[in-house]
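One structure is given below, encoded as structure tokens.
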Amino acid sequence: MASPSIEVLWAERPFVALLLRALHVPARDREDLLQTVLLGAWKAIRARRYRPDPRRHPRHALRAWLHGVVWRQVSHYRDKAHVRCEILCGAPLAPAGQAPLEIEGELLARAALREVAALPAGHREVLLAVAGRLSLVAWARKRRMNPNSAATRLRRARRALAERLASPRPPFSEGAVR
């Protein structure tokens with residue numbers, strides 16, 4: 001049986017991300033651990049340590065093997081002292097009177113912005129308009145639109161964003177793993 005290509009392995013990113021989430025890896029570390037898992041899996045495939053049962057469906061065999069790789073990487077991750085004891089601070093020496101930034105909050109905000117960017121243009125426009133200085137009514141008037149129609153668009157956009165944020169897939173984009 002031929003080894004899976006990098007494209008086949010890359011296509012399993014959502015599956016790996018779901019496993020990381022199911023194993024309760026904190027959101028701030030999921031992206032890094034996803035990269036570690038995929039890189040380790042690819043190195044193992046290249047070193048011919050991936051030997052699936054030829055009777056199994058190739059995708060099922062790959063997913064079962066990846067499940068083991070994820071489980072081992074998460075167990076190594078949990079054993080590391082720096083993971084248990086340290087949380088990096090974005091600005092440890094912040095100017096007086098300003099609180100230091102929290103990295104986990106920054107990562108979650110970036111993930112939320114990626115989800116907003118993935119929405120259709122109409123949804124993005126109305127969400128960003130009401131997040132700015134304009135009121136919804138002022139934004140609707142500027143576009144010669146009925147304010148009730150604008151409110152309906154806003155509700156639909158918020159619902160679409162909420163569905164994207166609540167979905168079981170990882171909160172980071174496809175370009176996150178390099």
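The figures follow:
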quantity: Residues of the stretch 4-22 satisfying the condition of being surrounded by 15 or more Cβ atoms within 10 Å (Cβ to Cβ) and more than 15 Å from the chain's Cα centre (by Cα); calculated: 4, 9
quantity: Restricting the stretch 126-156 to residues that are assigned to a loop (DSSP other than H, G, I, E, B) and charged (D, E, K, R), the residue that is surrounded by the most Cβ atoms within 10 Å (Cβ to Cβ); calculated: 143
quantity: Check on residue 107, under 30 Å from residue 32 (Cα atoms), modelled with pLDDT under 85 and not assigned by TED's automatic domain parsing to the domain that holds residue 28; calculated: yes
quantity: Residues (surrounded by 15 or more Cβ atoms within 10 Å (Cβ to Cβ), part of a helix (DSSP H, G or I) and either assigned by TED's automatic domain parsing to the domain that holds residue 165 or in contact (Cβ under 8 Å) with a residue 12 or more places away in the chain (or both)) located in the stretch 45-62; calculated: 45, 62
quantity: Residue match in the stretch 8-19 (condition: at pLDDT 90 or above and of a type in the set (Asp, Glu)); calculated: yes
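Per-residue answers, yes or no, for (1) at pLDDT 90 or above; (2) within 15 Å of the chain's Cα centre (by Cα):
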| site | (1), (2) |
| --- | --- |
| 98 | no, no |
| 115 | no, yes |
| 122 | no, no |
| 127 | no, no |
| 132 | no, no |
| 135 | no, no |
| 158 | yes, no |
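The values are calculated or read from the model by the stated rules, or taken from the named source; none is laboratory data. Small disclaimer: the values here were computed from a predicted structure and weren't measured. All Cβ positions, glycine included, derive from the backbone under ideal geometry; neighbour counts span all protein chains shown.
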